[in-house]
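To keep things clear, I will list the structure first and then write my remarks on it.
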Amino acid sequence: MTQRIWDTRGPLAPEFAEAWYARLARCPHANFSIDLTYLKWEAKHGRRALAILLEEGGRSGALVMREQSGTWTSGWPWRWQAVVEGSDPTDPTGLTPDDCAWFYRHASQLAGSRVLRLHMPCPPYGVPGIASGSTLLFAIDRDDQELLASMQANKRRMMRRAQEAGYRVRETTDPCDFRRFAELQREAKLRRGIPAPPVVEAPAPGEDWDEWRLPWMWLLVADREGIVESGLGDGLHPGGVLEARAGASSPQARQDGVFALLSYNEARLARDRGYKWINLGGDTPFKRELAGRLGSRVAMHCWLGGGGISFWRVRGEALWARMRSRAGRLARDLRVVRTVLMVTAGAVIGANEWAALAGVPWL
């Protein structure tokens with residue numbers, strides 16, 4: 001077994017960087033979060049990680065473990081940070097249960113006395129673990145007509161409505177667009193009742209809303225009459241998987257169906273850049289209707305290990321995951337109820353206005 005490690009607190013040896021990128025070039029499911037440029041940026045901001053090259057028994061892979069609050073974590077409930085050479089590029093995840101168990105064994109050894117949380121797209125293989133989330137992998141290596149035909153009919157109608165309203169989708173590297181997108185994100189949070197500070201006027205290069213200038217970031221916007229009304233941002237890794245990262249629209253753009261138009265063009269433009277998959281970063285009705293039959297749902301699991309794991313720790317992690325899931329569902333349900341009440345109130349107000357004009361008593 002061969003194991004080579006770069007701790008991002010220290011210097012990066014050229015030989016390691018060369019070997020790392022050679023490995024990723026043979027891994028069609030690599031993503032931006034295991035790119036050394038991204039890991040260097042994270043280290044600059046005090047976020048330590050280990051980049052690990054593994055070779056054993058004819059299997060070669062790369063794994064990233066991040067230090068978080070005294071534990072080691074790899075991946076998120078919607079994205080994993082492990083790849084193996086020679087994985088099937090037509091497979092949504094590129095990892096088998098045996099691959100996940102292999103990474104778990106080595107990660108547990110490296111975690112030592114600390115707790116390990118290893119997010120993987122396969123259920124725990126006879127070891128402690130919990131369900132942590134789910135995401136959708138969207139197969140985009142199709143022609144325009146197949147991408148369009150895969151979408152649900154309501155999303156195609158939204159696209160047509162946005163096109164008829166005069167929206168235009170484009171890639172952008174303009175800082176003015178970055179700032180406007182930040183404003184849309186802030187307004188969207190405030191509408192959902194999430195506190196959001198005012199948008200920074202002039203951040204340092206690559207910081208705050210200027211993050212879209214970083215080499216692994218990609219931003220698409222939709223504008224009408226020169227005003228950006230919606231945006232969609234992704235994480236880039238050429239030759240790998242495109243990772244959805246952020247999206248926001250103005251109320252009018254949402255009503256006009258602009259996000260469906262943006263998402264369709266995201267798939268087209270990413271395909272033209274050579275991507276085969278987009279990880280949509282979660283599993284929602286909108287995303288399922290967007291990807292249609294070209295979407296593959298991936299259930300995510302957190303494999304728990306390391307010397308700090310215990311029966312009660314596993315039970316606590318599982319309880320927290322269930323509470324978080326239920327809280328998310330409750331928040332979505334409350335938003336639906338609020339929308340229904342607003343629509344109903346609007347209909348009643350409209351009926352009252354019509355009745356007053358007609359001289360008919362109503363409510």
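Points to keep in mind about this one:
- Estimated FRET transfer efficiency when R0 is 51 angstrom, pair T96-E225 (beta carbons, to 0.05): 0.50
- Segment R161-T284, extension gain: residue separation times 0.36 nm, minus the distance between their alpha carbons: 42.1 nm
- Under the simplified labelling scheme, the R105-R48 pair shows an inter-label distance of 2.7 nm, with each label point 7 Å from Cα along Cα→Cβ.
- Dipole magnitude of the range 141-275 about its Cα centre (Cβ charges: Lys, Arg +1; Asp, Glu -1), debye to nearest 20: 600
- For W218, residues with placed amide H under 5 Å, excluding near neighbours: D234, L236
- Euclidean distance of C-alpha centroids, the range 110-125 and the range 130-165, integer Å: 33
- Efficiency of FRET from Cβ geometry, D208 and N154, R₀ 41 Å, rounded to 0.05: 0.70
- In the range 19-58, chymotrypsin sites (Phe, Trp or Tyr not before Pro) in a DSSP loop with at most 12 other beta-carbon atoms within 10 Å: none
- S132 long-range amide H proximity, modeled H, under 5 Å: M300, H301, C302
- Vicinal HN-Hα couplings computed from phi for the range 96-113 (Karplus, 6.51 cos²θ - 1.76 cosθ + 1.60; Hz; Gly/Pro x): 9, x, 5, 4, 4, 5, 5, 5, 4, 4, 6, 5, 4, 5, 6, 5, x, 7
- Computed label-point distance, nm, for sites E183 and R142 using a 7 Å Cα→Cβ extension: 3.7
- Simple Cβ-charge dipole of the range 247-296, Lys/Arg +1 and Asp/Glu -1, about Cα centre, in debye nearest 20: 200
- Sorted ascending by nearby beta carbons within 10 Å, beginning with the fewest, C176, C122 become C176, C122.
Where a number appears in this text, it was derived from the coordinates with a stated rule and is not lab data. Since the structure is predicted, the reported quantities are computational estimates derived from the model, not experimental observations. Cβ sites come from the backbone with ideal geometry, for glycine too, and all protein chains shown count toward neighbours.
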